[in-house]
Amino acid sequence: MTFLIEIYKRLSDAIYFNLIREDRYMLFIRGLGISLRLTLYAATIGVIIGLLIAFARMTNNKALNRVASLYVDIIRGTPAVVQLVIIYYAILGSSTLPKVAVASVAFGINSGAYVAELIRAGIQAVDKGQMEAGRSLGLSRGQSMRYIIIPQAIKNILPALASEVIVLLKETAIAGYIALDDLTRMGDIVRSRTFDAYTPFIVVALIYLYITSILTYFLGKLEGRMRLSD
């Protein structure tokens with residue numbers, strides 16, 4: 001019994017000093033807000049870049065194809081944290097853009113390479129006869145792609161695209177490298193004030209786990225609906 005009382009006392013003290021005292025829980029809330037905003041902005045940029053790169057890789061223009069392939073190889077072959085630091089300090093270091101905007105661009109560029117491969121794989125997974133059917137109905141190649149191929153490709157890649165958003169949310173944990181006050185950095189700030197090396201990051205981990213669990217739940221619902229539509 002004494003052992004359980006001691007554990008309870010330590011746990012309550014940890015919660016008080018890391019969350020309640022000086023309203024430190026607000027730091028975690030603000031950090032979570034920045035992380036979610038960063039994920040939303042980066043995912044939007046990543047989808048736009050991914051579409052452009054995917055079409056460039058599928059074009060008959062060898063120069064565009066080569067540039068797009070080089071982009072994908074470089075982005076996928078280097079760590080995201082290195083890309084973030086280079087973009088912030090070397091490329092956009094002299095700009096007046098907010099840190100959230102810079103980090104969104106960096107993560108969007110990183111995500112774009114993976115989204116491009118998802119989109120390309122989704123388009124190539126659509127039977128070639130679909131394009132021929134569209135052309136036989138009098139549609140141009142662009143119209144067939146827009147009205148027939150792309151909708152089917154999106155349906156194929158939507159679960160994987162949603163999973164990429166979940167991965168992107170967790171990748172934003174490195175935004176603290178450019179002193180952006182995201183969720184992980186807020187945990188580090190609380191640690192520096194309470195000198196508790198464990199509790200703040202356990203709280204951060206639980207928050208990430210909770211958010212990703214919610215996203216995974218809705219992803220499962222989405223996949224269920226897509227199976228029913230089949």
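Every number here is computed from the coordinates shown, using simple stated rules; none is lab data. The shown structure was predicted, so the numbers you read here are calculated from the model rather than taken from an experiment. As a convention, Cβ positions derive from the backbone with ideal geometry for all residues, glycine included, and neighbour counts pool all protein chains shown.
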Relative contact order for the chain using alpha-carbon pairs under 8 Å, separation at least 6, rounded to a whole percent?
-> 28
For the chain, give the magnitude of the charge dipole about the Cα centre (Cβ charges: +1 Lys/Arg, -1 Asp/Glu; no others), in debye to the nearest 20.
-> 560
Please get the size of the charge dipole for segment 80-172, origin at its Cα centre, with Cβ charges of +1 on Lys and Arg and -1 on Asp and Glu, quoted in debye to the nearest 20.
-> 200
For the pair Val167 and Asp196, the simple spin-label estimate (label points 7 Å beyond Cα toward Cβ) gives in nm 3.4
For segment 86-158, averaging the sequence separation of alpha carbon pairs under 8 Å that lie six or more residues apart and dividing by its residue count, the contact order in percent is 29
Take each uninterrupted DSSP H stretch in the chain, measure its Cα extent along the helix axis, and return the ones at 18 Å or beyond whose mean Kyte-Doolittle hydropathy is at least 0.5.
-> 2-15, 25-58, 99-125, 150-171, 199-229
So the pair-distance distribution of the chain, from every Cα-Cα distance in 10 Å bins, comes to percents of 7, 25, 27, 20, 12, 6, 2, 1, 0
Phi to ³J(HN,Hα) by Karplus 6.51 cos²θ - 1.76 cosθ + 1.60 over segment 175-182, Hz, x for Gly, Pro | 5, x, 5, 10, 6, 8, 7, 7
PRE reach from Arg10 (point 7 Å along Cα→Cβ): which of segment 175-211 fall under 11 Å by backbone N?
-> none
At what distance in angstrom do the alpha carbon centres of segment 15-56 and segment 157-213 lie from each other?
-> 8
Place a label point 7 angstrom from the Cα of Val85 along the Cα-to-Cβ direction, then list the residues of segment 171-189 whose backbone nitrogen is under 16 Å away.
-> 173-180
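Using 1/(1 + (r/R0)^6) with R0 = 41 angstrom and r between the beta carbons of Glu223 and Leu97, what's the FRET efficiency to the nearest 0.05? Please list the in-between numbers first.
Values: r = 37 Å, r/R0 = 0.90.
After rounding, the FRET efficiency stands at 0.65.
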